[in-house]
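Read the structure below first, then the notes.
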Amino acid sequence: MTDTIFQKIINKEINADIIYEDEKSLVFRDINPVAPTHLLIIPKKQIEKISDANEEDQDLLGHLFLVAGKVAKELGIENAFRLVVNNGAGAQQTVFHLHIHLLADREFTWPPG
C-alpha cells in the first residue's frame, strides 16, 4: 500500500489542524468542510477501506467510534452530529485510508446523500 495524504499527516510530513491524537488514532479538521464542524477520524494503522478490515481490526474500529464520541463531547456537539464512512470510489471515497467524517453544526436531512 502506498502512503496516502493521511499517512503523511500521521507521519507529520504534512501539517494538519489536529484536534486529538492517541496511540491508535488521529482526528483533524477536513480541509474541504461540508459542515461548520467537519473532522476526520482515522486509524494510524493503514486500512484502505472498511471492507478491507478484518476481525483483528475489531477493537480498533470500536476505538474510532469511541474517539468520535469523546471529541464530540469535548467540542460540545455530543447531542447532534453525524458520522459518515464512504467505502470505495463508487461511494465517493477519495482518500483510500479508512476514515470517519464527523459532521456537525448544521441541519441534516434523511435519507442522506
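The values are calculated or read from the model by the stated rules, or taken from the named source; none is laboratory data. Computed from a prediction, not measured in an experiment: that's the story for all the values here. Cβ placement follows ideal geometry from the backbone for every residue including glycine, while neighbour counts extend to all protein chains displayed.
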Qualifying positions in the stretch 95-113 - farther than 14 Å from Ser51 by Cα, modelled with pLDDT of 95 or more and either of a type in the set (Ser, Thr, Tyr) or under 16 Å from the mean Cα position of the chain (by Cα) (or both): Val95, His101, Leu102, Leu103, Ala104
Gln92 vs. criteria loosely packed, with under 14 Cβ neighbours inside 10 Å and under 18 Å from Phe6 (Cβ atoms): yes
First in the stretch 12-41 and in contact (Cβ under 8 Å) with a residue 60 or more places away in the chain and under 29 Å from Gln58 (Cβ atoms), second anywhere and assigned to a loop (DSSP other than H, G, I, E, B) and β-branched (Val, Ile, Thr), Cβ under 7 Å, 6 or more apart: Thr37/Ile77
Any strands (runs of 3 or more DSSP E) falling wholly within the stretch 18-86 and containing at least 1 residues that are at pLDDT 95 or above, hydroxyl-bearing (Ser, Thr, Tyr) and surrounded by 15 or more Cβ atoms within 10 Å (Cβ to Cβ): 18-21, 25-29, 37-43
Residue list for the stretch 96-107, filter: in contact (Cβ under 8 Å) with a residue 12 or more places away in the chain and surrounded by fewer than 16 Cβ atoms within 10 Å (Cβ to Cβ): Asp105, Arg106
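Answer yes or no as to whether Leu102 is under 21 Å from Thr2 (Cα atoms), in contact with a Lys or Arg (Cβ under 8 Å, 6 or more places away or on another chain) and outside any helix (DSSP H, G or I).
Considered against the rule, which asks whether it is under 21 Å from Thr2 (Cα atoms), in contact with a Lys or Arg (Cβ under 8 Å, 6 or more places away or on another chain) and outside any helix (DSSP H, G or I), Leu102 comes out as no.
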Conditions (1) at positive phi; (2) without any contact (Cβ under 8 Å) to a residue 60 or more places away in the chain; number of the one not met by Glu74: (1)
Residues satisfying the stated conditions in the stretch 26-69, i.e. among the acidic types (Asp, Glu) and within 22 Å of Asn15 (Cβ to Cβ): Asp30
Index of the failed condition, Trp110 passing every other in (1) within 15 Å of Thr37 (Cβ to Cβ); (2) without any contact (Cβ under 8 Å) to a residue 12 or more places away in the chain; (3) assigned to a loop (DSSP other than H, G, I, E, B); (4) not hydroxyl-bearing (Ser, Thr, Tyr): (1)
